[in-house]
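The values are calculated or read from the model by the stated rules, or taken from the named source; none is laboratory data. Remember, it's a predicted structure, so these values are computed and weren't measured experimentally. All Cβ positions, even for glycine, are placed from backbone atoms using ideal geometry, and neighbour counts span all protein chains on display.
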Amino acid sequence: MAKKTPFYEKHVQSGGRIVEFAGFLMPIQFEGIIPEHNRVRTTVGVFDVSHMGEVEIRGRDRIKFVNYITTNDASKLALNQVQYSAFLYPDGGIVDDLLVYNLKDRILLVVNASNTDKDSAWIMENKKYDVDIKNTSEDFGQLAVQGPKAEMVMKKLFDADISPLEFYWAMETDMKGIPVILSRTGYTGEDGFEIYLDNKYAADAWDMVFSAGREYDIKPVGLGARDTLRFEMRYCLYGNDIDKTTNPLEAALGWIVKLDKEEFIGKEALVEIKKRGVQRKLIGFEVLASGIPRQHQDIYAGDEKVGSVTSGTFAPSLKKGIGMGYVNLAHAEVGNRLKVMGREPIEVEIIKGPFYKHGTRK
């Protein structure tokens, strides 16, 4: 049976269209994907991301252990700093991508909703050193307040000055009497904050955020716009663009892999892959005329199949089709023109960087 987040009743009251996603009943949209998308790009919107998984690592060796199970270098994290990272299988395939929070007495790992149980079991299987591991996913509610006006909204809710909080940093504080972890993070390319709190405070927190944002026309945002927003920024989606069959070097995630670390799961495989050279690369491409690329469609260079689409959509901010996919290295250069084989061939061009280049956060 699908689970409900602590904000479920608020979604129903707000007219959300509910679907099952990653084992949860979640709103796919409220007023519509495009207006919700545009609201986050221009003012401020609120996502329920309580379906994400949280695993706490406590104990004397928590930094050492997290450094062993992740690709990035957790030892470089300052207190309250947040880091994007990944778990790998020994062959270099990706278990999941995640956020690592270095908090005062624990490390909080925030993982993808669909992978929570798998990740938690994988972490336990690889346990070593002096650590305590606890899956706390059922205890947390989480709201993401995203958009250029997000700071104006959040300032009203905290006695502490949140303006100096930099991107990918967090603080443990209280929101009008509610204890929270507040981080300046998000998945949209816009400025924004994520609020972690005990489930029992969920309804009050929702009302407080929406009251604070009324003058900025704040509205709830569903999973549909969350996906188009992240896609315009070219952020990878686990299960589409990365999974156990892909490695971070070919997925353009080499920047979160620190091969100079002493030891981490998957390191030996990545060292060998780097020595051999990757055979394919994850690219981003824009449609030149018309059409929307879709997952699993083949990518051709002339008459030669050179890859396949991992994700595709219509980009509301760009008003054109965009996509990502793996192609043979020889055809992965920026500026190359390829064909995506839909019902009719779709002409596309490989681009550099994010599709949407005007976000308040990159």
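Looking only at region 44-85, count every residue that is within 30 Å of PRO220 (Cβ to Cβ) and part of a loop (DSSP other than H, G, I, E, B) and tell me the total.
Initial filter on region 44-85 (within 30 Å of PRO220 (Cβ to Cβ)): 44-56, 80-85.
Filter once more, keeping what is part of a loop (DSSP other than H, G, I, E, B): 44, 49-52, 80.
Within region 44-85, residues that are within 30 Å of PRO220 (Cβ to Cβ) and part of a loop (DSSP other than H, G, I, E, B) number 6.
Sort out which residues of region 18-33 are touching a Gly at 6+ places or on another chain (Cβ under 7 Å) and in a strand (DSSP E or B), and write them in order of number.
Listed by number, the residues that qualify are PRO27, ILE28, GLN29.
Looking at LYS127, LYS104, LYS118, LYS134, which is the one that is over 30 Å from TYR201 (Cα atoms), at pLDDT 95 or above and basic (Lys, Arg)?
Values: LYS104 fails: over 30 Å from TYR201 (Cα atoms); LYS118 fails: over 30 Å from TYR201 (Cα atoms); LYS134 fails: over 30 Å from TYR201 (Cα atoms).
When all the criteria are applied, what remains is LYS127.
Please go through (1) over 19 Å from PHE264 (Cα atoms); (2) buried (at least 22 other Cβ atoms within 10 Å of the Cβ) for LEU88 and return the number of the only condition it doesn't satisfy.
LEU88 satisfies every listed condition except (1).
More than 14 Å from VAL145 (Cβ to Cβ), outside any helix (DSSP H, G or I) and assigned by TED's automatic domain parsing to the domain that holds VAL44 - does that describe any residue in region 202-220?
No, region 202-220 contains no residue that is more than 14 Å from VAL145 (Cβ to Cβ), outside any helix (DSSP H, G or I) and assigned by TED's automatic domain parsing to the domain that holds VAL44.
Just the residues that are more than 15 Å from ILE350 (Cβ to Cβ), more than 21 Å from the chain's Cα centre (by Cα) and in a strand (DSSP E or B), please, taken from region 304-319.
Result: GLU304, LYS305.
Please determine whether any residue of region 66-75 is hydroxyl-bearing (Ser, Thr, Tyr) and within 17 Å of the chain's Cα centre (by Cα). Write out each step before concluding.
Residues of region 66-75 that are hydroxyl-bearing (Ser, Thr, Tyr), as a first pass: 68, 70-71, 75.
Now restrict to residues that are within 17 Å of the chain's Cα centre (by Cα): 70-71.
Yes, region 66-75 has at least one match.
What number goes with the only condition from (1) modelled with pLDDT under 95; (2) part of a strand (DSSP E or B) that TYR187 does not pass?
(2)
Please specify each residue of region 77-93 satisfying the condition of being of a type in the set (A, V, I, L, M) and under 16 Å from ILE63 (Cβ atoms).
Taking region 77-93 as the starting set, the residues that turn out to be of a type in the set (A, V, I, L, M) are 77-79, 82, 86, 88.
Correct list: LEU77, ALA78, LEU79, VAL82.
Residue-by-condition table, conditions (1) in contact with a Gly (Cβ under 7 Å, 6 or more places away or on another chain); (2) among the polar types (S, T, N, Q); (3) crowded, with 22+ Cβ neighbours inside 10 Å; (4) over 18 Å from PHE7 (Cβ atoms):
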| position | (1), (2), (3), (4) |
| --- | --- |
| VAL111 | yes, no, yes, yes |
| SER114 | yes, yes, no, yes |
| ASP119 | yes, no, yes, yes |
| ILE133 | no, no, no, yes |
| GLU138 | no, no, no, no |
| ALA170 | no, no, yes, yes |
| ILE181 | no, no, no, no |
| ASN199 | yes, yes, no, no |
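Return yes or no: is ALA225 buried (at least 22 other Cβ atoms within 10 Å of the Cβ), of a type in the set (A, V, I, L, M) and in contact (Cβ under 8 Å) with a residue 24 or more places away in the chain? Steps first, answer last, please.
Working: buried (at least 22 other Cβ atoms within 10 Å of the Cβ): yes; of a type in the set (A, V, I, L, M): yes; in contact (Cβ under 8 Å) with a residue 24 or more places away in the chain: yes.
Answer is yes for this residue.
Do you know which residues across region 246-303 are buried (at least 18 other Cβ atoms within 10 Å of the Cβ) and assigned to a strand (DSSP E or B)?
Passing the criteria: ARG280, LYS281, LEU282, ILE283, GLY284, PHE285, VAL287, ILE299.
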